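The values are calculated or read from the model by the stated rules, or taken from the named source; none is laboratory data. Quantities reported herein were computed from a predicted structural model and do not represent experimental measurements. With ideal geometry, Cβ positions are generated from the backbone for all residues, glycine too; neighbour counts draw on all protein chains shown. These area figures cover heavy atoms from the full protein model, side chains too; ligands, DNA and RNA do not enter into them. Shrake-Rupley method; radii C 1.70, N 1.55, O 1.52, S 1.80 Å.
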Amino acid sequence: MLRPHPRLADSRVTIHMAASLDGFIARKDGSVDWLETSDEFAGGETLDPGVAEAFLKTIDCYAMGSRTYETALRFEAQGLGWSYGDKPTFVLTRRRLPRTRDTVEFYSGDLAQLVNGRLRPSFRSIWLVGGSVVSAECLRLGLADEVCYAILPILIGEGISFFEKLDRDIALHLAEVKAYKSGMVELRYEVRGHRGESRGAT
Ligand SMILES: NC(=O)c1ccc[n+]([C@@H]2O[C@H](COP(=O)([O-])OP(=O)(O)OC[C@H]3O[C@@H](n4cnc5c(N)ncnc54)[C@H](OP(=O)(O)O)[C@@H]3O)[C@@H](O)[C@H]2O)c1
């Protein structure tokens, strides 16, 4: 068991992904072409680019599984850019993968050791951006403080679930709901009763 570090109380691990209404983050073959939707919700908020940029600056580092990293590399190769700016990006893998920038660091081993031993002592806002395997492991190990679930206005029928199988129920507290003009609804939940403490819903 890892001993809590003094910075543990400050830091926040957020699982953040977008999914179809039927709960899939990618098609079975890993494709995410359906993320571009064409809906319009008249009562929704517009995502102001300045506000979005300011928000992204509050994220201190990213962590992800290797398959999510490979999708990011494919996007980059297609000229769609790198989604994680100049922030440190930790990639979980047991393989040797190409490293296209200095901000990328590979890690293999215990996820709890990475999060509690390495990330929490150094970073305040830690974003775990998928995929399904790593997000589920993060919840199973009680490492996540919150889950941000962006629902897109589409059903894709089958694919990779938001969370690979969990072995128990995980109680959540709904902290924020935002609906956007694009038809996307973003739900932010706090994870209750994780890391041994008892958490109320307030
Ligand atoms: N819609 C969205 O917002 C969203 C977000 C993220 C991802 N996605 C999509 O979801 C798919 C990927 O999700 P996924 O669940 O299949 O995979 P993933 O979680 O991205 O990656 C899983 C892989 O990470 C490596 N790994 C996991 N834990 C590890 C550990 N403790 N130590 C070392 N390596 C570890 C293993 O691969 P190795 O073989 O490399 O060891 C494992 O197979 C992609 O298609 C991606 O595009 C969508």
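The convex hull built on the alpha-carbon positions of the stretch 51-171 has an orientation-averaged projected area of 9.1 nm². Can you tell me what percent of all Cα-Cα pairs in the stretch 91-148 are more than 20 Å apart? Of all Cα-Cα distances in the stretch 91-148, 25 percent exceed 20 Å. Looking at the chain as a GNM with Cα springs under 10 Å, which of Val147, Val51, Val91 has the largest mean-square fluctuation? The residue that fluctuates most here is Val51. Toward the positive end of the charge dipole of the chain, with +1 on the Cβ of Lys and Arg and -1 on the Cβ of Asp and Glu, the farthest Cα among Phe75, Val191, Ser122 is that of Ser122.
Where the only charges are on Cβ atoms (+1 Lys, Arg; -1 Asp, Glu), what is the dipole of the stretch 7-58 about its Cα centre, to the nearest 20 debye?
Approximately 440 debye in magnitude.
Translational diffusion of the stretch 119-160 was estimated from the Stokes-Einstein equation, with Rh taken as the Kirkwood radius over Cα pairs; at 10 °C and 1.306 mPa s the coefficient is 128 µm²/s. Within the full protein context, the accessible area of Ile154 is estimated at about 50 Å² for a probe radius of 1.4 Å.
Annotation: the antiparallel percentage among DSSP beta bridges lying fully within the stretch 1-115 is about 0. With a simple spin-label model that places each label point 7 Å from the Cα along the Cα-to-Cβ direction, the separation between Ser83 and Glu45 comes to 2.0 nm. Looking at the chain, what % of its DSSP beta bridges pair antiparallel, to the nearest 5? In the chain, approximately 40 percent of DSSP beta bridges are antiparallel ones.
Only Lys, Arg, Asp and Glu count, each charged at its Cβ (+1, +1, -1, -1), so figure out the dipole size of the stretch 26-116 about its Cα centre, rounded to 20 debye.
On the way: 11 positive and 15 negative charges, 146 e Å.
The dipole magnitude comes to about 700 debye.
The residues of the chain have, on average, 57 Å² of accessible surface per residue, using a 1.4 Å probe with all protein chains present. Among Pro49, Pro121, Pro98, the residue with the largest mean-square fluctuation in a Gaussian network model of the chain, with springs joining Cα atoms closer than 10 Å, is Pro49. Computed over every Cα-Cα pair of the stretch 1-99 and binned at 5 Å starting from 0, the pair-distance distribution P(r) comes out as 2, 8, 14, 19, 21, 16, 10, 6, 2, 1, 0 percent. Per-residue accessible area (protein heavy atoms, 1.4 Å probe) orders Phe106, Phe90, Phe24 as Phe106, Phe24, Phe90, starting from the largest. Any idea which of Tyr107, Ser132, Gly50 is furthest toward the positive side of the dipole for the chain, if Lys and Arg beta-carbons carry +1 and Asp and Glu beta-carbons -1? Checking the options against the dipole of the chain, the answer is Tyr107. What distance in nm separates the two pseudo spin-label positions at Asp29 and Ser108, each 7 Å out from Cα along the beta-carbon direction? Here the modelled spin labels are 3.0 nm apart. Using a 1.4 angstrom probe on heavy atoms only, work out the carbon and sulfur share of the accessible area of the chain in %. Whole-percent figure for carbon plus sulfur exposure: 52. Here's the list of lysines a cross-link from Lys178 could span, going by alpha-carbon distance under 22 Å and ignoring same-chain residues fewer than 8 apart: Lys57.
The chain gives an Rg/Rh value of 0.94, both radii derived from C-alpha positions and Rh following Kirkwood. Calculated FRET efficiency, Glu176 to Arg99, Cβ-Cβ distance, R0 = 35 Å: about 0.50 to the nearest 0.05. Exposure check, 1.4 Å probe, all protein chains in place: Glu158 carries approximately 100 Å² of accessible surface.
Under the criterion of Cα pairs below 8 Å and six or more residues apart, the relative contact order for the chain equals 35 percent. Taking all protein chains as they are arranged and a probe of 1.4 Å, the heavy atoms of Thr58 leave approximately 70 Å² accessible to solvent.
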